[in-house]
1. With a 10 Å cut-off between alpha carbons and a GNM built on the chain, which of 407, 192, 75 moves the most?
2. Among DSSP beta bridges whose residues both lie in the chain, state the antiparallel percentage, nearest 5.
3. When N is the residue count of segment 275-348, what does its C-alpha Rg come to as a fraction of 2.2 N^0.38 Å?
4. How long, wide and thick is the chain, going by the Cα atoms along their three principal axes, in whole angstroms, largest first?
5. How far apart, in nm, are the 7 Å Cα→Cβ label points at residue 107 and residue 297?
6. Once the Cβ-Cβ distance between residue 271 and residue 336 is put in as r, and R0 is 25 Å, what FRET efficiency do you end up with, to the nearest 0.05?
7. I'd like the distance between the alpha-carbon centres of segment 57-81 and segment 338-415, rounded to an integer number of Å.
8. Taking 7 Å along the Cα-to-C-beta vector as the label spot, tell me the residue 251-residue 9 distance in nanometres, rounded to one decimal.
């Protein structure tokens with residue numbers, strides 16, 4: 001097995017996503033003469049980043065600072081110091097430095113001009129290579145050697161052992177294995193007694209409870225968006241979650257941006273009690289008394305579906321949901337029907353599999369790290385990005401924290417090398 005001995009001040013970065021590449025940039029800008037090698041298992045780097053940008057790369061968000069920090073839930077205290085150093089504005093300035101203008105969408109989300117990830121990534125990789133960063137693809141990390149703690153890689157040219165003075169791990173979580181985030185790194189850290197919380201789906205879809213949608217509903221409405229609704233959910237801590245937006249009906253349940261915003265609370269409730277109930281307000285602009293009055297108006301020879309469409313705009317998939325989730329007798333009582341339109345219960349029984357999720361929760365516990373994201377029990381080994389135990393909804397929060405943690409890990413590695 002050949003061995004590749006790096007020169008006396010070298011850093012290996014495993015993972016070529018936003019966190020790993022940002023760590024490389026922090027290192028390359030922090031000192032000249034330092035050897036920096038980025039290793040990635042895939043044929044090219046940042047594949048998940050590119051995939052996420054296909055529909056419009058949401059880099060970050062412009063909402064007020066306190067609201068922004070609240071998106072990180074129970075890990076706010078750990079993520080906040082990283083964002084204070086490299087937060088939304090710094091990220092936009094960074095993109096501008098690569099020649100990429102950004103703009104704010106109507107929802108407060110920040111996108112690059114042209115919306116796509118590829119131009120930004122090309123400019124970034126050009127700058128990294130110009131700064132001396134070496135990028136090695138098709139290098140799958142297989143843990144450490146027992147004898148001298150070298151880094152073991154499986155490559156297209158055979159096995160390889162690499163030695164470095166510092167190591168930054170930015171291997172992603174466990175979602176979208178086909179793009180490189182497969183969670184295969186977990187056993188290597190567990191073997192080294194590093195605390196790792198189980199990887200779980202985040203920003204994910206859910207299956208409806210029981211046998212799922214009826215064949216009629218599934219055949220007719222799977223793939224249809226449900227727009228202009230308000231979802232509400234009360235979690236185990238009696239916290240009410242409420243938000244306007246839209247979601248998508250799937251063959252087995254629901255997914256989409258509005259569902260993702262609730263996914264952490266829904267997932268945890270299902271894990272605790274076996275089910276979670278969302279409430280759908282299909283007519284959020286209507287107050288209940290007025291809505292009941294409209295439902296109660298005589299409809300003559302018109303069908304109920306035609307009546308609800310003309311009086312309330314309830315049609316298509318919304319009417320399909322009412323038919324799917326209500327008992328027949330509820331349609332005969334205007335008060336009960338009106339109440340259901342404003343608070344239609346949807347019982348969920350399971351999150352979709354981890355590999356289908358946009359991101360994952362779980363990972364390396366922050367309690368095992370110092371303030372520079374170094375594993376206390378493994379001096380010189382740093383962690384960044386989605387492999388850390390945190391989660392956030394879509395909307396730019398995921399990417400912002402990945403960039404920020406990558407920069408922190410890179411600067412932490414640099415400071416640790418200065419202390420050798």
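What follows is calculated from the coordinates using simple rules that are stated; it is not laboratory data. What you see is a predicted model; the values in this text were computed from it and never measured. When we count neighbours, we look across all protein chains shown, and the Cβ atoms used for this are built from the backbone with ideal geometry, even at glycine.
1. Among 407, 192, 75, the largest mean-square fluctuation in the Gaussian network model of the chain belongs to 192.
2. Values: 44 of 64 bridges.
Restricted to the chain, the bridges split so that about 70 percent are antiparallel.
3. 1.04
4. Ordered largest first, the chain gives principal extents of 86, 42, 38 Å.
5. It works out to 3.3 nm between the two label points.
6. For R0 = 25 Å, the calculated efficiency reads 0.20.
7. Cα centroid of segment 57-81 versus Cα centroid of segment 338-415: 12 Å apart.
8. Output for this residue pair reads 5.7 nm.
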